[in-house]
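Notes follow the structure.
All of the numbers you see were taken from the coordinates with simple rules; none came from a lab. These numbers come from a predicted model, not from an experiment. Backbone-built Cβ (ideal geometry, glycine too); neighbour counts: all protein chains shown.
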Amino acid sequence: MASTAESEKLLAEAREREGGGKKITKNDDVRSVFSYLLYAHAAIECFVGYSMIVDVPNLHGGYRPKPGFETLAFEWLGVGCIVWGVLLAFHTNSRKVVLFNILWNVMWCASLLSIFLARPWRPASDVQGDGSWCGAPIMIHLFFAFVSSLAMAGTDARDTKVASALAYGNYLAAGFELFAGYHMVFDASAMLGGYSPQAGFETVAFEWFGMCCIFWGMLVGCSPHSKTIVSFNALWNVVWAISLASTYLALPWRPNSSPVFEVTVADESIKSDGSWAAVPLTAHLAFAALNLLALMGGTIESKEKVE
């Protein structure tokens, strides 16, 4: 009969397989106290994401996005922040997620600092205004980068593999996210039916959204076997499928979110419709189905033996 110690070890193994990835634990029962502060960070990410969707001026010194692609970009950024916050709340003791959270906060510090100092990395990203509103979010991101670093320090990590073979398809999903993120930053028109964001907040919004896609792609690519991350990736793709379907069908959830427009250039009428959404809509539906099949199709048991 297994001893109490062996039973506890088996239970810890089962919990680790269920969560996937590497756990931050100094022992089976005690986590670093700093990891609990990450719940506050997760809540802030969700609050920021919500505000990016319904109350952008509250976070940007009173600036209100223009209807159309600019509003849509901030909404997409909001979705990215909310999904990241919820994932972090479920994985405050995951070494891999906390590591990416450090990078996430450092990235936002660098971007916000460039606005605060009026030193944009390219002319189109210049918001042409007082960047003092960046002071508070810079300090918040610095603080949580520090907290995440302390949560990582001096811990013992173990690695397990729990996933369906279909989860390997998440490498394709990760590649797609990296591709989309790169283009949202450097060539948004290639992803938006030829529409080029205007200089200022509209360009910054698409850059920030692109960074969300890149980080999500890296996380999925590094954890294609994590049940929790695969679940969130299924949700991520369903959310984008719904948003892109509303664009494709010209049925935005609110008027300001409609990217369908008509402008006159040199006496020539140019109309943009939502047909460009068909390709990413198909891709997200495919990856959502892939992840759901991976979750329902069984798991690969860990090869590690419990002695």
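Quick one: which residues, 5 or more positions from Asp126 or on another chain, have an amide H under 5 Å from its amide H? H modelled 1.01 Å from N in the peptide plane, none for Pro or chain starts.
Gly200
Give me the number: length gained by fully extending Ser132 to Ala190, i.e. 0.36 nm times residue separation minus the C-alpha to C-alpha distance, one decimal in nm.
Residue separation times 0.36 nm, minus the Cα-Cα distance, leaves 17.6 nm.
How do Val98, Val48 line up, fewest other C-beta atoms within 10 Å first?
The most exposed by this proxy come first: Val48, Val98.
Could you put Leu292, Leu72, Leu249 in order, starting from the residue whose Cβ has the fewest other Cβ atoms within 10 Å?
Neighbour counts put them in this order, fewest first: Leu249, Leu292, Leu72.
If each of Leu113 and Ala43 carries a label point 7 Å out from its Cα toward its Cβ, how far apart are those two points in nm?
Roughly 2.8 nm, to one decimal.
I'd like the Karplus ³J(HN,Hα) series for segment 61-70: coefficients 6.51, -1.76, 1.60, θ = phi - 60°, whole numbers in Hz, and an x wherever there's a Gly or Pro.
So the J values, rounded to whole Hz, are x, x, 5, 10, x, 6, x, x, 4, 5.
What distance in nm separates the simple spin-label points at Tyr171 and Tyr248, each placed 7 Å from Cα in the Cβ direction?
2.8 nm
So if R0 is 30 Å, what FRET efficiency would Met218 and Lys66 give, r being the distance between their Cβ atoms, rounded to the nearest 0.05?
Efficiency, rounded to the nearest 0.05: 0.45.
For the pair Ala89 and Asn58, what calculated FRET efficiency results from E = 1/(1 + (r/R0)^6), where r is the Cβ-Cβ distance and R0 = 22 Å, to the nearest 0.05?
Step by step, r from the Cβ atoms, then E = 0.50.
Fewest first, what order do His183, His41, His225 take by the number of other Cβ atoms within 10 Å?
His183, His225, His41
Give me the extension gain from Asn256 to Phe179: residue separation times 0.36 nm, minus the current Cα-Cα distance, reported in nm with one decimal.
25.0 nm
Would you please give the residues with an amide H less than 5 Å from that of Ser94, counting only those at least 5 places away or on a separate chain, with H modeled from the backbone geometry?
Ile24
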